[in-house]
Structure formats: C-alpha cells, structure tokens
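Below you will find the structure I want to go over with you.
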Amino acid sequence: MSGEMTDQEVVELVKSGNRAMFSVIVRRHQKNLLRLSLRFVKDLDTAEDVVQETFIKAYERLTTFEARASFKSWLFQIAVNTAKNKLRARRDEVSDIDNVPLAVAPVAESSLVHSAVAKLIQAYIDMLPIKQKTALVLRIYEDLSFKEIAEIMECPYDTAKANYRHALMKLRDQLSEDNELREWSEEVSGFFTEMQQRVAEVES
Amino acid sequence: MSRMNWWLEYLEGELDSKTRLTMSALLRKSKRDQAAVDEISSLKEDIRTSSPVDMSSMSEDYFDALHDKIMAQVHERPAPSRKAPSWRVVYLPVPVPRNPWSWIKSSAAFFVVLAISLQMIQNLKKSNSSFAEQILTKAKSNPSDFAEMLSYQSGDDFFVDVASRNLDDLTISQVEDMVGKIQ
C-alpha cells in the first residue's frame, strides 16, 4: 500500500504520529542519497554518515517541509548541505590536482588512458567552486531539471543554469589546455624514445 | 550570449520550439557549429563516464542494514512536532470603565496648564524687553559708561546686539560721543 503512496502522503502520516512510516521514505531514497553523497565526499563511510544525518535532520524538521518543492528535492537539499559541511571540515584533505598524472605514456592501453582522463576530470570537478560543482553533479549525474536544481541549491532558476554553464565551460577550458599539454608530452616522449633507439643502434 | 552558450542551451533543451527549429537548421549547414555541439556533447559524455561512483556491488543487505541504522536513530528521537511560535500574544489589560465627567476634568486641567505656560512665556519676553530697555536707558543717560562697556564686548554679545538694534533711538550726539569714547 505504501508503495502507491506519494512522498507527500507518507510525510503527512509521519507528521500525524505514524513514526514507522518514515521507513518508507528511507527505503525509497537511501540509494539516491548515498550515490549523491559519494559524489561529494568520495569515501563510503563519510557518505553513509551524510545519508544518516540527512534522514535524521529530515525527520526532525519534517514539520517545516511545506511541499513548495518536491520531497526528493528537499531531501537532496539537506544532503548537499550536509555533504558540504563534511567537505568543509576536511578541506585540507580534498584531492590535489598536482597528484593526478597529466600525461599518459604513449604505450598505455586505451582503458588506462580513459582511467587517467576520468581521474583528471574528477579532479577538475573537485576543484570547481562548490556551487558550480553542485549544479554540474545534479544535472549530469542525477539528471535533474534546472527547476529541481534551483530548489535544491535554494537559488533562482537562472542562477542554477549559470552555475552549470560556468562549470561546464571551465572544465572544457581546463581539459583543452590539458590536451595540448598531453600532446606536447607525447611529442617529447616520442622524441626521447627515438633518440634512445638511435643511441642503442650506434652502440650495437 | 556567446555562440557556445546558445548551443549549450540547445543541448539542454532550454530553448523554445521556434528557436530550436532555427538552430537545428543552422546546425545542418554549419560545420563550425556542428563541431561546437560535438565538443559539448562529448565533454558531457566524458564527465558522465568519468564518475567513480559504482553502487552495483552494494547488496540489498547493505541497504537493509543502513535502513535499520537510520530507523533505530529515528526511534530514539522525539516525534516531529510543530515548532512553538517565536512570538507571544500579549493581552492588553481590559480598560476600566471611566467616570463620564473625567474628560471635563482632564480638559480643564489641560487648559490650566496651557494658561500657566503662556503666562510664563509672556513674563519671560517682558523681562527680556525690560532688560533691553534698561540697557538703552543707561546708554542714553550715560553714554561714556556704555561706550566703555561696549569696548570689551565682542560682536556676538548680547549688549552689542541690543545696541545695534536700537542705535536709531539714540541722538547723533550720543552716538558720536559713544564712538568717540570707543576710539
């Protein structure tokens, strides 16, 4: 029966004192919240903490939920803010772009190349200002509309869109700069390989 | 808006149908714009596939356990209740029925206070003007003393002010006498 109920209906039951119905909410949203949290905090233990805190906060503030946004957006809003607080607390430990390999050796397998590029993209995403990162994550990974993103980020529709656009354009610029660097690196690497071969030929 | 932003809006489905049709037509003809669209599309795809979040290995048991942990905490918490309003209703005291003659008494008291105040103001004015008259009388009767007094007064002082406003009342000889004394 609870499967047919909307979030709003379940929330009303919890508000009226049926605490056990909150279980429906948890089951319905915990996977999405864990996935979203992992995108921000990266490790599973912290992401699990974010999910637990999110549900507890939501339960305690349930009476303040006024259904102006969807319940999912409201939960995501709490989760994003909780994840941001966790990130702020361990700001010094966020991934450092200098630790990510910029160039891939010419002999690397395509999967390795993809993995290195993926790491690089994730590192660049982590370096984005938190608002831009939030808009990008919600749009690309969570496939949310700009209306939902605006609700979660508690900002106007156009601001949500602008944050997403800036994030995307910044990534594009950084990756294109990096491509140039990689091409140059490959050229240099090729030059040294050729030189080594010639030296080996002369020596033999 | 830059060309790239237009294509971004196009790809995000943020344009109205008419603009979208126009841009689709443009896209078929312009290689440069096709390249821009391809660039954004492949960037989005790269970002999407770069995601390290893989939850496929997480079993249902894991989520059951997480659910139970959350619900255990929920059961420890007090039930959500409506917040007490941050404002308080202040009840004003119920007005005591008044004596119907009280307004006449109040009005009479008000007029008495008003009359006394007016009288005081009048007296003050009178004393000021009589003081000025006394000075002038003294000046007319004994210009040399008055001139001496004026000699150590500055332009801001009361005596000089009174004198300058009333010089017309003095005779020429008195003024000349005063000026002569000052010089």
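The values are calculated or read from the model by the stated rules, or taken from the named source; none is laboratory data. Predicted model only: the values in this text are computed from it and were never measured. Cβ: placed from backbone, ideal geometry, glycine included. Neighbour counts: every protein chain shown.
Only one residue in A:Glu48, A:Glu12 is over 16 Å from A:Gln77 (Cβ atoms), among the charged types (D, E, K, R), more than 9 Å from chain B (Cβ to nearest Cβ) and assigned to a helix (DSSP H, G or I). Which one?
On the way: A:Glu48 fails: more than 9 Å from chain B (Cβ to nearest Cβ).
It is A:Glu12.
Sticking with this structure for a sec: For A:Leu171, are the conditions met, namely being assigned to a helix (DSSP H, G or I), surrounded by 17 or more Cβ atoms within 10 Å (Cβ to Cβ), out of contact with any strand residue (DSSP E or B) (no Cβ under 6 Å at 6 or more places or on another chain) and modelled with pLDDT under 95? Please lay out each step first, then the result.
On the way: assigned to a helix (DSSP H, G or I): yes; surrounded by 17 or more Cβ atoms within 10 Å (Cβ to Cβ): yes; out of contact with any strand residue (DSSP E or B) (no Cβ under 6 Å at 6 or more places or on another chain): yes; modelled with pLDDT under 95: yes.
So A:Leu171 passes the test.
Look through B:Ser127, B:Ser173, B:Ser154, B:Ser144 and report the one residue that is among the hydroxyl-bearing types (Ser, Thr, Tyr), in a loop (DSSP other than H, G, I, E, B) and either at negative phi or at pLDDT 75 or above (or both).
It is B:Ser154.
Got at least one residue in the stretch A:30-40 being more than 10 Å from chain B (Cβ to nearest Cβ) and free of Cβ contacts under 8 Å to residues at least 24 places away in the same chain?
So far as the stretch A:30-40 goes, no, none of its residues is more than 10 Å from chain B (Cβ to nearest Cβ) and free of Cβ contacts under 8 Å to residues at least 24 places away in the same chain.
Of all residues in the stretch B:15-49, which are within 28 Å of A:Gln122 (Cβ to Cβ) and surrounded by 14 or more Cβ atoms within 10 Å (Cβ to Cβ)? Don't jump to the end; show me each part of the working.
Initially, the stretch B:15-49 is screened for residues within 28 Å of A:Gln122 (Cβ to Cβ), giving B:35-49.
Hits for the stretch B:15-49 are B:Ala36, B:Val37, B:Glu39, B:Ile40, B:Leu43, B:Lys44, B:Asp46, B:Ile47.
Does any residue in the stretch A:53-72 that is closer than 15 Å to A:Lys15 by Cβ come within less than 9 Å, Cβ to Cβ, of a residue that is among the hydroxyl-bearing types (Ser, Thr, Tyr) six or more places away or on a different chain, and which pairs are these?
A:Thr63/B:Ser81; A:Phe71/A:Thr6
Another question, then. Would you mind telling me which numbered condition in (1) exposed (fewer than 14 other Cβ atoms within 10 Å of the Cβ); (2) at pLDDT 85 or above B:Val74 fails?
Going through the list (1) exposed (fewer than 14 other Cβ atoms within 10 Å of the Cβ); (2) at pLDDT 85 or above, B:Val74 breaks only (1).
Return the total of residues in the stretch A:58-92 being in contact with a Ser or Thr (Cβ under 7 Å, 6 or more places away or on another chain) and within 14 Å of another protein chain (Cβ to nearest Cβ).
Our first condition is that a residue be in contact with a Ser or Thr (Cβ under 7 Å, 6 or more places away or on another chain); within the stretch A:58-92, this holds for A:63, A:75, A:78-80, A:82-83, A:86.
Now restrict to residues that are within 14 Å of another protein chain (Cβ to nearest Cβ): A:63, A:75, A:78-79, A:82-83.
Total meeting the criteria: 6.
Of everything in the stretch B:1-52, what is under 30 Å from A:Val41 (Cβ atoms) and of a type in the set (Lys, Arg)? Give them in sequence order.
If the condition is that a residue be under 30 Å from A:Val41 (Cβ atoms) and of a type in the set (Lys, Arg), then B:Lys44, B:Arg48 are the ones that fit.
What tally of residues in the stretch A:111-154 results from selecting those that are under 11 Å from the mean Cα position of the chain (by Cα), assigned to a helix (DSSP H, G or I) and within 18 Å of B:Glu14 (Cβ to Cβ)?
Summing the residues that are under 11 Å from the mean Cα position of the chain (by Cα), assigned to a helix (DSSP H, G or I) and within 18 Å of B:Glu14 (Cβ to Cβ) in the stretch A:111-154 gives 6.
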